[in-house]
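Derivation of every value follows stated rules applied to the coordinates shown; laboratory data play no part. These figures come from a predicted structure and were not determined experimentally. Glycine gets a Cβ as well: all are built from the backbone with ideal geometry, and neighbour counts include every protein chain shown.
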Amino acid sequence: MKKVTGLGRGLDALIDTHITTDNASSINEVELTRIFANPDQPRHSFDEEALMELSDSIREHGVISPITLRKNDDGTYMIIAGERRFRAAKMAGLTSIPAYIRTAKDEQVMEWALIENIQREDLDAIEIALAYQRLMDEYELTQEKMAERVGKKRATVANYLRLLKLPAEIQIGIKEKTIDMGHARAILGCQSTEQQLAIYKRILSDGLSVRRVEELVSAKGHKMPTKKENENQYSLQEKVLAKRINHPVRITNGRITILFKDDNELSMIIEHLR
């Protein structure tokens, strides 16, 4: 049996269950000047370096995968899927781009844009969460219905939506990738906003692993040890190890650092450890 990846269904399959199409099996060449971005596009940022690389590829090979458009009454087109390819084509100096033209209602376009971006892993976790929340609010969808429409498990949708309960500072950290989804989910286990922010700052300053954050959050009372308390916790072990190998030792969360001056000292340390 062929393994199903990503959403489990292709974008075209999901779209075709909801709409009718114009020339669905044919590819149209559309002038770039007649194409406009979707104002409800869930993706808000584009990596300029990646865009330049795609532009170079398009300049050499052309646009391999057509974008998907909806024709407006005034003869212009709105992007349903493929804004990144559209931007790169403009950068490459193209005057037109291959596209599928589809007939769609306003309420369907954002859903397809979300599906396409999730499949390509183009959105950060907060963008995905905001898009889920907006779709659910506007179309009165339950988490189960939302999950069904985008081909995800309900628990996955729920986990993204929970991120929106985090303080704005932490949400920005997720968007900027200073912490990952695992850290964020662990932080959600805290009992208060103050504790969430305290752990977030410790992650940034001490490089805490996801597992270490989970341990701290699950500790009795969810009390977050201070940096000073952690240093005191390891001070005895540092002294014992330093005395044994005759070199300075520092112990921080999940890491032991041994200081040495040159290769000779390193060899001596290795012999002590053996």
(request) Using 0.36 nm per residue of separation minus the Cα-Cα distance, give me the extension gain between Met52 and Asn264 in nm, one decimal. (result) 71.5 nm
(message) I'd like the per residue volume of the convex hull spanned by the Cα atoms of the stretch 58-217, given in cubic angstrom.
(response) 156
(message) If each residue of separation counts as 0.36 nm, what is the full-extension length gain between Thr257 and Leu188 once their alpha-carbon separation is subtracted?
(response) 21.8 nm
(request) Using amide H atoms built 1.01 Å from N in the peptide plane, name the residues 5+ places from Val30, or on other chains, whose amide H lies under 5 Å from its own. (result) Ile97, Ala99
(message) So for each of 137-147, 202-212 I average, over its residues, the number of other beta carbons within 10 Å; can you give me the resulting order with the highest mean first?
(response) 202-212, 137-147
(request) Tabulate in residue order the Karplus-calculated ³J(HN,Hα) for the stretch 54-67, using 6.51 cos²θ - 1.76 cosθ + 1.60 with θ = phi - 60°, rounded to whole Hz; enter x for Gly and Pro. (result) 5, 4, 4, 5, 5, 4, 8, 10, x, 8, 6, 10, x, 7
(request) Rank-order 65-74, 123-132 by packing density, defined as the average count of other C-beta atoms within 10 Å over each peptide's residues, highest first. (result) 123-132, 65-74
(message) Give me, ordered by chain and number, the residues 5 or more places off Phe36 or on other chains with an amide H under 5 Å from its own placed amide H.
(response) Tyr77, Met78, Ile79
